[in-house]
1. Could you list all residues from segment 14-41 that are aliphatic (A, V, I, L, M) and touching a strand residue (DSSP E or B) at 6+ places or on another chain (Cβ under 7 Å)?
2. Looking at segment 1-17 only, could you name the residues that are surrounded by 10 or more Cβ atoms within 10 Å (Cβ to Cβ), more than 15 Å from the chain's Cα centre (by Cα) and outside any loop (DSSP other than H, G, I, E, B)?
3. Can you name the number of the only condition in (1) under 12 Å from Arg32 (Cβ atoms); (2) touching a helix residue (DSSP H, G or I) at 6+ places or on another chain (Cβ under 7 Å); (3) among the polar types (S, T, N, Q) that Gln90 fails?
Amino acid sequence: MTNAPEPLTENEIQAALHNTPGWRRESDEITRTFRIRYHGGVAMIVHVADIERLISHHADIDLRWDHVRFAVTTHDAGHKLTSADFDLAQRIDAIALAHGAQPL
């Protein structure tokens, strides 16, 4: 059995948010929304899902006709924020840029 990831302290969360511009904290998750049309959003989600599978960490994703919203938390840490969340956020940012998505 593997150990659960260690939640970040409040100071660590604030520092990580500073290093992950555009992401907002909403309780015990971080979120970001990108403007992109539906089919482009589907392609972007597939790209994100491929990376998530490789790193074994997954976002909650909400696809709408003109935008995609990502919400990230670590379920294995009791739905708390960990360093894995901020790593995934940075990966999502890079994928969104590659797909021409505009941050909202």
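Please treat every number below as a calculation from the coordinates, not as lab data. Remember, it's a predicted structure, so these values are computed and weren't measured experimentally. All Cβ positions, even for glycine, are placed from backbone atoms using ideal geometry, and neighbour counts span all protein chains on display.
1. The initial filter retains those residues of segment 14-41 that are aliphatic (A, V, I, L, M), namely 15-17, 30, 36.
The answer is Leu17, Ile30, Ile36.
2. Taking segment 1-17 and keeping what is surrounded by 10 or more Cβ atoms within 10 Å (Cβ to Cβ), we get 4-9, 12-17.
With more than 15 Å from the chain's Cα centre (by Cα) added as a condition, the list becomes 4-9, 12, 14-15.
Within segment 1-17, Glu12, Gln14, Ala15 meet the criteria.
3. In the conditions (1) under 12 Å from Arg32 (Cβ atoms); (2) touching a helix residue (DSSP H, G or I) at 6+ places or on another chain (Cβ under 7 Å); (3) among the polar types (S, T, N, Q), Gln90 misses (2) alone.
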